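What follows is a set of notes on a single structure, which appears directly below.
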Amino acid sequence: MDKNQLTRLSKFLSLHLRHQPQDLGLTLAEGGWVQVEELLAGAARRGVSISRAELEQVVTGNDKQRFAFDETGTRIRAQQGHSVEVDLQLPPASPPAVLFHGTVAAALPGIHQQGLQKMQRHHVHLSAQEHTAQRVGQRRGQPILLAIDAAAMQQAGFVFYESGNGVWLTDQVPPQYLRQL
Ligand code: HQG
């Protein structure tokens, strides 16, 4: 597959493994998993023919490691970013002292007032690296970087999770833990 085909397939998988599994006749099991065979059959019914080899290429070649197989290789899931109700069963983890979030100016009034909220997703998404947060912000325009005092949050009892692809997740970030860079 060339790069465009990979991107198209990655978007197709994101749509169905995070947001609309029912469109392919799928239900996400605990942990967000679906049977690979059911996924491929569901896609085929919609006229999207995907081979096992192509699926493996998307999983391993994905720039953000968005998807993962289970240890047996028979199930697949999105590592984060779901909008459907799903418990990813991630264990709480200890974050780096400072985390980053990339956003845009239009979001700042709301963020100053309510802190970072999860919006349509299950968690607020944070990055350990500034440049990653920069890229996330850039999706929406001129990026604005926020630093999060994760150490203070953890001390105050907020719980963090690390997704399989290194995104830090938490329920919310109140304004007092945010600083604009
Ligand atoms: C903003 C992509 C107003 C927040 C990326 C963001 C990431 C508020 C937007 C992942 C707010 C939500 C997540 C408040 C937060 N008032 N605006 N109180 N609180 N916001 O897409 O972090 O390609 O749900 O700043 O690379 O941008 O999907 O979150 O601008 O890793 O794998 O509301 O999605 O990954 O937007 O991105 P999103 P995000 P994938």
message: Just checking, does region 131-142 include any residue being outside the structural domain of residue 19 (by TED's automatic domain parsing), at negative phi and assigned to a strand (DSSP E or B)?
response: no
message: Among the listed residues 166, 157, identify the single one that is on the phi > 0 side of the Ramachandran plot, surrounded by 14 or more Cβ atoms within 10 Å (Cβ to Cβ) and in a loop (DSSP other than H, G, I, E, B).
response: 166
field: Flag if residue 80 is in contact with a Ser or Thr (Cβ under 7 Å, 6 or more places away or on another chain), under 26 Å from residue 162 (Cα atoms) and polar (S, T, N, Q)
entry: yes
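Do we have residue 137 as of a type outside the set (A, V, I, L, M) and near the ligand (Cβ under 8 Å from one of its atoms) here?
For residue 137, the condition - of a type outside the set (A, V, I, L, M) and near the ligand (Cβ under 8 Å from one of its atoms) - is met.
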query: Exactly one of (1) in the same structural domain as residue 164 (by TED's automatic domain parsing); (2) in contact (Cβ under 8 Å) with a residue 12 or more places away in the chain; (3) among the aliphatic types (A, V, I, L, M) is unmet by residue 119. Its number?
result: (2)
- request: Grab the strands (runs of 3 or more DSSP E) fully contained in region 1-107, keeping just those with 3 or more residues being surrounded by 19 or more Cβ atoms within 10 Å (Cβ to Cβ).
  value: 75-78, 98-103
- prompt: Of the numbered conditions (1) near the ligand (Cβ under 8 Å from one of its atoms); (2) surrounded by 14 or more Cβ atoms within 10 Å (Cβ to Cβ), residue 114 satisfies every one except a single condition; which is it?
  reply: (2)
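The values are calculated or read from the model by the stated rules, or taken from the named source; none is laboratory data. Everything numeric in this text was worked out from a predicted model, so none of it was measured. For neighbour counting, all protein chains shown are included, and Cβ atoms are generated from backbone atoms with ideal geometry for every residue, glycine included.
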